[in-house]
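Working notes, beginning with the structure itself.
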Amino acid sequence: MMTSSSALTSSAFAPLPHFTRPTFLMCPPEFYDVDYVINPWMAGNLHRPSRDTAFMQWKNLYRQLQRVADVRLLHAREGSPDMVFVAHAAVVQHGLAAVSSFAHPQRQTEEGHLRKWLQDAGFLLWETPRETSFEGEGDALFDASGGHLWAAHGVRTCKHSHRHLGDAWHTRVTSLHLVDPRFYHLDLCFAPLSGGYLLYFPGAFDAASLEKIHAAYGADKRIVVSELEATQFVCNVINVGRDVLLGAVETDLAKRLMERGFDVTEMPLGEFQRGGGSAKALALRLSDSALALGDPRIESTL
Ligand code: ARG
């Protein structure tokens with residue numbers, strides 16, 4: 001159901017889903033392909049992903065994520081080749097799901113499938129207006145405490161949608177401006193991690209946004225990645241406690257994360273990088289961010 005303004009859709013009076021373990025949603029790459037070009041990574045990759053290799057890579061990520069979290073599944077649908085990047089279809093916190101209004105018609109078909117799944121699973125739905133595009137965890141990420149939402153605009157998500165997000169959770173939202181089309185989503189250049197750390201690529205932001213980031217994260221908490229690393233999708237990580245899952249990286253990033261107490265698992269995700277995404281984009285967080293990122297053991301290993 002689309003509305004002209006934000007609206008809450010309650011699924012009767014069922015109790016909201018409650019999670020005792022970090023929980024994510026994934027969608028298998030049954031119909032995954034690069035069928036169109038809506039980001040710079042897709043150019044030159046039309047119909048190039050191998051579905052067999054994509055399935056192998058996806059299953060490996062699924063298995064690795066199951067080691068550290070519960071993983072639910074959403075059925076893929078024909079005609080929605082990017083649906084595997086399920087993290088962009090919503091943001092979930094405290095049992096409330098803000099459902100995306102994708103900027104491109106090619107991805108709008110995904111909205112209804114995820115909305116139905118979330119509703120059947122008992123989540124409260126927060127509809128976002130079509131006029132102000134918003135792309136879920138692609139552009140909106142809660143910090144480790146769960147009390148602060150970082151939201152990006154400039155490419156896919158419209159700045160005006162940030163107000164609707166603040167209203168959804170009555171939470172503080174900090175807007176960040178993305179300035180490099182290669183990093184068209186926040187989850188490609190910014191990742192709040194356990195222990196209050198931040199993994200980020202400064203070159204993706206304008207100066208005012210960098211000031212906001214630096215005011216919130218002290219120098220000792222910032223893990224800066226290089227342009228080369230950012231183009232290898234290293235910010236697109238899944239972090240659960242001290243575990244960090246990410247695509248293969250050619251630099252010493254794993255070492256820099258391990259020095260701060262993280263356990264790092266790298267895996268090939270190249271077929272998805274042809275479509276412009278990596279590990280993080282393939283899993284939507286369903287449990288609260290604090291359950292996944294609030295691991296005190298990271299602090300104590302410093
Ligand atoms: N083809 C998808 C899109 O352009 C890829 C999404 C992956 N994005 C990301 N932020 N990791 O929407």
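A simple charge model with +1 on the Cβ of Lys and Arg, -1 on the Cβ of Asp and Glu and nothing else charged puts the dipole of the chain at about 320 debye relative to its Cα centre.
Shown in residue order for the stretch 237-244 are the 3J(HN,Hα) couplings computed by the Karplus curve 6.51 cos²θ - 1.76 cosθ + 1.60 at θ = phi - 60°: 9, 9, 10, 10, x, 8, 7, 10 Hz (x for Gly and Pro).
Kindly put LEU198, LEU293 in sequence by how many other C-beta atoms sit within 10 Å of each C-beta, fewest to most. Before the final figure, lay out the partial values.
On the way: LEU198 21, LEU293 26.
Exposure proxy ranking, most exposed first: LEU198, LEU293.
Comparing LEU246, LEU210, LEU96 in a Gaussian network model of the chain where C-alpha atoms under 10 Å apart are linked, the largest mean-square fluctuation is found at LEU210.
In a GNM of the chain with a 10 Å cut-off on Cα contacts, which of ALA144, ALA43, ALA283 has the highest mean-square fluctuation? Judging by the Gaussian network model, the answer is ALA43.
Please give the calculated 222 nm ellipticity per residue for the chain, where each DSSP H segment of at least 4 residues contributes -39500 (n - 2.57) and the sum is spread over every residue; nearest 500 deg cm²/dmol? Spell out each step's value before the answer.
Numbers: 9 runs with 78 residues, N = 302.
Theoretical 222 nm ellipticity from helices: -7000 deg cm²/dmol.
Remark on LEU193: its backbone amide H falls under 5 Å from those of LEU198, LEU199, a criterion applied only to residues 5 or more positions apart or on other chains, H modelled at 1.01 Å from N. The calculated pair-distance distribution of the chain uses every alpha carbon pair, bins of 10 angstrom beginning at 0, and gives 7, 31, 39, 21, 3, 0 percent. Of the trypsin sites (Lys or Arg not before Pro) in the stretch 79-145, the ones in a loop by DSSP (not H, G, I, E or B) with at most 16 other beta carbons within 10 Å are ARG130. In summary, the aspartates and glutamates within cross-link reach of LYS116, defined as a Cα separation below 15 angstrom excluding same-chain residues under 8 places away, comprise GLU127. Along the axis of the charge dipole computed for the chain (Cβ charges of +1 for Lys and Arg, -1 for Asp and Glu, origin at the Cα centre), the listed residues SER133, GLY294, THR174 are led at the positive end by GLY294.
With a 10 Å Cβ neighbour count serving as the proxy for reagent exposure, in which order, fewest first, do CYS235, CYS27 appear?
By the 10 Å Cβ count, ascending, the order reads CYS235, CYS27.
Between the residues LEU74, TYR200, PHE233, the greatest Cα displacement towards the positive end of the dipole of the chain, with unit charges on the Cβ of Lys, Arg, Asp and Glu, is found for LEU74. Taking the number of Cβ atoms within 10 Å of each Cβ as an exposure proxy, the fewest-first ranking of LEU125, LEU186 is LEU125, LEU186. Would you list which lysines come within 26 Å of LYS159, measuring only between C-alpha atoms, while excluding same-chain residues fewer than 8 positions from it? Within the straight-line cut-off, LYS159 pairs with LYS212, LYS280. For the chain, the antiparallel share of DSSP beta bridges with both residues in that region comes to about 50%. Each peptide in 258-271, 155-168 was scored by the mean count of other Cβ atoms within 10 Å over its residues; highest first, the order is 155-168, 258-271.
Throughout, read-outs are computed from the coordinates displayed, never taken from laboratory work. These numbers were taken from a predicted model, which means no experiment stands behind them. Cβ atoms come from the backbone with ideal geometry, glycine included; neighbour counts cover every protein chain shown.
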